[in-house]
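The values are calculated or read from the model by the stated rules, or taken from the named source; none is laboratory data. Remember, it's a predicted structure, so these values are computed and weren't measured experimentally. No Cβ is skipped: glycine too gets one built from the backbone with ideal geometry, and neighbour counts run over all protein chains shown.
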Amino acid sequence: MGKWIVAIVLVALLAGAGYAGVKLYPYYRLYSLRDTAALTLDETEKKAIFIPSKSSLENVAALLDKKKLLDDKTSFLFFARAKNYRKHRIVPGKYVVKGTMTYNSLVNHLRAGNGRLAVKVTFNSVANIRKLAAIVATQIEPSEAELLKVFLDPAVHKAYGFSNEERFSTIFLPDTYRMNWATSARAFVKRMARAYKKFWTPRNKAKAKRLKLSQTGASILASLVQSEQSKRLDEWPKIAGLYLNRLKRGMKLEADPTVKFALGKPGLRRILFKHLKVDSPYNTYKYHGLPPGPLRIPDKRAIRAVLNPMKHRYIFMCAKPEYSGYHNFSRTMRQHNRYARMYHRWLRKEGIR
C-alpha cells in the first residue's frame, strides 16, 4: 500500500509542479523501475552470461540485449547509471541471471560481483601445450593465441624453474579445475603451478629421489609409460618397473613410442629396423637415458605409477599376439625373442605391415 501512496504523491507532484515536476521525473522513473521485471525470461528460467574483462556498462547492456534477455535496454541503462554501476569496477566472469530479477536485483547482482560463478576447466592427457591451449581456450576467456603466447614464453618457463617449452609442459597436470571464466593466461599458469606444487608433496619428491629421478624426469618417464600402454592402465606400474630396471642397469630404454615421436608418426603400427636409425635425442634406441622432454602431457595416474612401480626383474616387453592390448614381459633376450617371433607371425597373419 505504501508503494502506491508514494507513486500517487509523485504523480501529483509531476502533474502540478510544472518545471519542478520535470526535475522530479527521473526519480519517479527510477522508483517505478525498481521492482519492474527486467528480463524477458519466464520466472523459472535461468541463463548464463559471460562478461568479458574491461567491459563498460554499455558493453554489458549490449551483451544482454544481443542475447535478447533485456525487456528494455534503455531502462536498464537508465537504472544502472542511476545506481552508479559504471562507476564501480565491472567484475568480469560468468553470471547466471533469472527470470524473477527486477532492474534493481539485476543491477545489484552484476554490480557486486558476488554473483560471479566459477567454471570447470577440464583437460585430459594431450600431445603438447599447443593442443592444450586449443582445449583450454574453449573453457575460459583467453584465446588460443593469448594462451600460447604465455605458454611459449621462455621467461615464463624460467620463472617456474623449467629450461624449455617441452619440460615446462609437465607443469600442467590433467584434471578438472574450478576457476573464474575471466582468468587470464598468466593467471591460468599460476593456477596450474599451484596444482603442480600440491601434487609434488614431500612424500612424492622423496619417492622420485629414491628412484634417482627429478620431478620432471618422473613426468617424462610417465609419458613413455602412458604412450607405451594407452589401453590397459593396470599395466602402467609393471611397465614403469621395467623402464626403471633398464635405467638402473645402464641400458638404453629402447622404447618404441620414442621412435614414433622422433619420426613424427605417432600412429605407426609397426616399428622396423630402418625406423630405429632416426637421429633424434628422443630416440631411446640410439641414446641412453630419458629423452629430453615428455612425449605427451602425462596423466597423474601415470606419474603415480612411476613413483610406485611394480618390483620385478623384467627388462623386455613385447605386445601379445592378440587384440587384448597386453604385453608379454621377459627377463632374458632369448625369452623376449621368442615372444617377438610369435607377435610378428601374428602381425603377418592379420595383414598388419
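Computed values, structure above
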quantity	calculated
Enumeration of residues in region 106-120 that are outside any loop (DSSP other than H, G, I, E, B), surrounded by fewer than 17 Cβ atoms within 10 Å (Cβ to Cβ) and of a type outside the set (D, E, K, R)	Asn108, Ala112, Leu117, Ala118
Selection count, region 132-147, where residues are surrounded by 16 or more Cβ atoms within 10 Å (Cβ to Cβ) and either farther than 24 Å from Ile51 by Cβ or over 13 Å from the mean Cα position of the chain (by Cα) (or both)	2
Matching option when the condition is in contact with a helix residue (DSSP H, G or I) (Cβ under 7 Å, 6 or more places away or on another chain) and not assigned by TED's automatic domain parsing to the domain that holds Ala145, among Ala185, Ala206, Ala218	Ala218
Unmet criterion (only one of (1) of a type in the set (Ser, Thr, Tyr); (2) farther than 29 Å from Ala208 by Cβ; (3) assigned to a loop (DSSP other than H, G, I, E, B)) for Tyr343	(3)
Failed criterion for Lys349 (all others in (1) in a helix (DSSP H, G or I); (2) modelled with pLDDT of 95 or more; (3) of a type in the set (Lys, Arg) hold)	(2)
Failed criterion for Glu165 (all others in (1) assigned by TED's automatic domain parsing to the domain that holds Val306; (2) surrounded by 13 or more Cβ atoms within 10 Å (Cβ to Cβ); (3) modelled with pLDDT under 95 hold)	(1)
Count of residues meeting criterion [assigned to a loop (DSSP other than H, G, I, E, B) and under 30 Å from Leu233 (Cβ atoms)] in region 122-162	12
Filter result for Leu213 (of a type outside the set (S, T, N, Q), farther than 21 Å from Phe168 by Cα, outside the structural domain of Asn128 (by TED's automatic domain parsing) and surrounded by 15 or more Cβ atoms within 10 Å (Cβ to Cβ))	no
Hits in region 321-340 - residues which are assigned to a loop (DSSP other than H, G, I, E, B) and at pLDDT below 95	Pro321, Glu322, Tyr323, Ser324, Gly325
Output for region 271-311, where each listed residue is surrounded by 17 or more Cβ atoms within 10 Å (Cβ to Cβ), part of a helix (DSSP H, G or I) and more than 30 Å from the chain's Cα centre (by Cα)	His275
Close pairs from region 39-62: first within 18 Å of Asn104 (Cα to Cα) and without any contact (Cβ under 8 Å) to a residue 40 or more places away in the chain, partner surrounded by 12 or more Cβ atoms within 10 Å (Cβ to Cβ) and small (Gly, Ala, Ser), Cβ under 7 Å, at least 6 apart	Leu57/Ala80
For Asn128: the one exception among (1) touching a helix residue (DSSP H, G or I) at 6+ places or on another chain (Cβ under 9 Å); (2) crowded, with 18+ Cβ neighbours inside 10 Å	(2)
Candidates Arg334, Arg338, filtered to the one that is over 17 Å from Glu228 (Cα atoms) and loosely packed, with under 12 Cβ neighbours inside 10 Å	Arg334
Top-ranked residue in region 180-236 [being part of a helix (DSSP H, G or I), closer than 30 Å to Ser53 by Cα and touching a residue at least 40 places away in the same chain (Cβ under 8 Å); ranked as nearest to the chain's Cα centre (by Cα)]	Phe188
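Conditions (1) modelled with pLDDT under 95; (2) more than 16 Å from Gly113 (Cα to Cα), marked per residue:
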site	(1), (2)
Leu57	yes, no
Asp65	no, yes
Leu69	no, yes
Ser75	yes, yes
Ala82	yes, yes
Arg86	yes, no
Ile90	yes, no
